[in-house]
There are 2 protein chains.
Amino acid sequence: MSDLLAERDTWSMANCSIARTLEIAGTRAAMLILREAFFGTRRFDDFAKRVGIGEPAAAARLKELTAAGLLERVPYQEPGQRTRLAYQLTEKGRDFLPVLVALRQWGDRWAAGEDGRPVVVRHRDCGAEVHAVLRCDEGHDVADGETVVEPGPGLLRITPDAG
Amino acid sequence: MSDLLAERDTWSMANCSIARTLEIAGTRAAMLILREAFFGTRRFDDFAKRVGIGEPAAAARLKELTAAGLLERVPYQEPGQRTRLAYQLTEKGRDFLPVLVALRQWGDRWAAGEDGRPVVVRHRDCGAEVHAVLRCDEGHDVADGETVVEPGPGLLRITPDAG
DNA sequence: AAGCTGACTTACGAATATGAAAGTCAGCCA
DNA sequence: TGGCTGACTTTCATATTCGTAAGTCAGCTT
């Protein structure tokens, strides 16, 4: 990306989309709960157990993610069991998948154990592995160093100190 | 993704690539420092100021990211100034860009302010906007719900409790 | 009506992350 | 040689986040 230097200093990052996203789902536990949701986990206890966090943390993160609209609670009933509530991804939550795939991909490449990747994500229709890639609206693959950043319509400016 | 249910319960997520990635760069401050690095920020004070965090936090995160190999300190000298150290992305750090793009994209769509996106990322060569997309190795775009997860070579299994 | 189980909540303490304010240190410049 | 500035570090206090352990509550089953 380019160095806009002085121009850049007038940008307020108060409403940065990355920061906003992190405020909603930026904690380790929240990310891992979303991972589990994509893996198919739906029940409270399973979230806590599989993410490896305590029940209070699981309850707090699930509540936040539900309030933020990434998860919704839906009633379900197994035969011979009472009605329960399951946590299920909404469209807003499912749209988070590229973030998780990108995180996994980076970890696979740069921080995997010696035995390699613990899980593999494949395309259901063809069986090939799935990756997060950068692509522009013209259809080009975007390689390292080929991006530039510019102000968008929602950019706030900082009023420089007088002087 | 499919629900492997019982099978899934034998998976240990202790070495999950997502969790490993989050341990290296999973805090809000670390992510935002990487964002700034992609925006072209290189100096200590600018990181602290533009990310909006205190100097102790900036120093701690920069140190961690440098130790983890995402950033490197390189000497530089402006005319008439003494030699200083700048923080610059390594290949390992630049490879983190898809994560940030995916986070930004999600925030743009689901958590933007009413004026829209604060920044826009474009392809340098053609000017079109850049997105993080999921694609399989066969070249197909992968849509919502078209992924399946399976164990990889590095998957650890949990020995079920006897009984 | 009592038991059982899943889904939480409460209580408590420890670890981590962060901010404000101030101090330290190293060189280039005058 | 002293000033100045960028780059940190130190100190102190606070806010989150997390784990363990235990308690609560609701309904379906018997």
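Where the accessible area of chain B is counted over protein heavy atoms with a 1.4 Å probe, how much of it, in %, is carbon and sulfur? Here carbon and sulfur together make up 49 percent of the probe-accessible area.
Can you work out the accessible area per residue across the range B:8-152, with the rest of the protein chains kept in place, probe 1.4 Å, in square angstrom? Mind dumping the intermediate values first?
Details: 6300 Å² over 145 residues.
So the range B:8-152 comes to 43 Å² accessible per residue, rounded to a whole number.
Remark: C-alpha extents of the protein assembly as shown on the principal axes read 77, 44, 41 Å, sorted largest to smallest. So how far apart, in nm, are the two label points at B:Thr90 and A:Arg157 if each is 7 Å from Cα heading toward Cβ? Output for this residue pair reads 3.9 nm. Peptide B:27-37 has a mean of 3 when you count, residue by residue, the C-beta atoms of other protein chains within 10 Å of its C-beta.
Starting from the residue with the highest accessible area, list A:Asp141, B:Asp95, B:Asp46 in decreasing order, probe 1.4 Å.
Values: A:Asp141 85, B:Asp95 50, B:Asp46 25 Å².
Heavy-atom accessible area, descending, gives A:Asp141, B:Asp95, B:Asp46.
Take each residue of peptide B:71-78, count the partner chain Cβ atoms within 10 Å of its Cβ, and average: the result is 0.
Modelled spin labels at B:Thr83 and B:Arg124, positioned 7 Å past Cα toward Cβ, are 2.8 nm from each other.
Whole Å is fine, so just give me how far the alpha carbon centre of the range A:102-118 lies from that of the range A:10-60. Each part reduced to its Cα centre gives a spacing of 20 Å. Distances between equivalent label points of A:Val74 across the copies, with each point positioned 7 Å along Cα→Cβ, amount to 5.0 nm, shortest listed first.
Within a straight-line Cα-Cα reach of under 22 Å, A:Lys63 can be paired with the following lysines, leaving aside sequence neighbours fewer than 8 residues apart in one chain: A:Lys49, A:Lys92.
Using the alpha-carbon positions of chain A, Rg (one decimal) and Dmax (whole number) come out as 20.1, 75 Å.
The heavy atoms of A:Cys136 present about 10 square angstrom of accessible area, all protein chains included, probe 1.4 Å.
Note on B:Val74/A:Glu72: beta-carbon distance plugged into 1/(1 + (r/R0)^6) with R0 of 56 Å gives a FRET efficiency of 0.70.
Taking all protein chains together and rolling a 1.4 Å probe, A:His140 ends up with roughly 80 Å² accessible.
The values are calculated or read from the model by the stated rules, or taken from the named source; none is laboratory data. Remember, it's a predicted structure, so these values are computed and weren't measured experimentally. We place every Cβ from the backbone using ideal geometry, glycine too, and count neighbours over all the protein chains shown. Areas reflect the complete protein model, heavy atoms only, side chains present, ligands, DNA and RNA absent. Shrake-Rupley method; radii C 1.70, N 1.55, O 1.52, S 1.80 Å.
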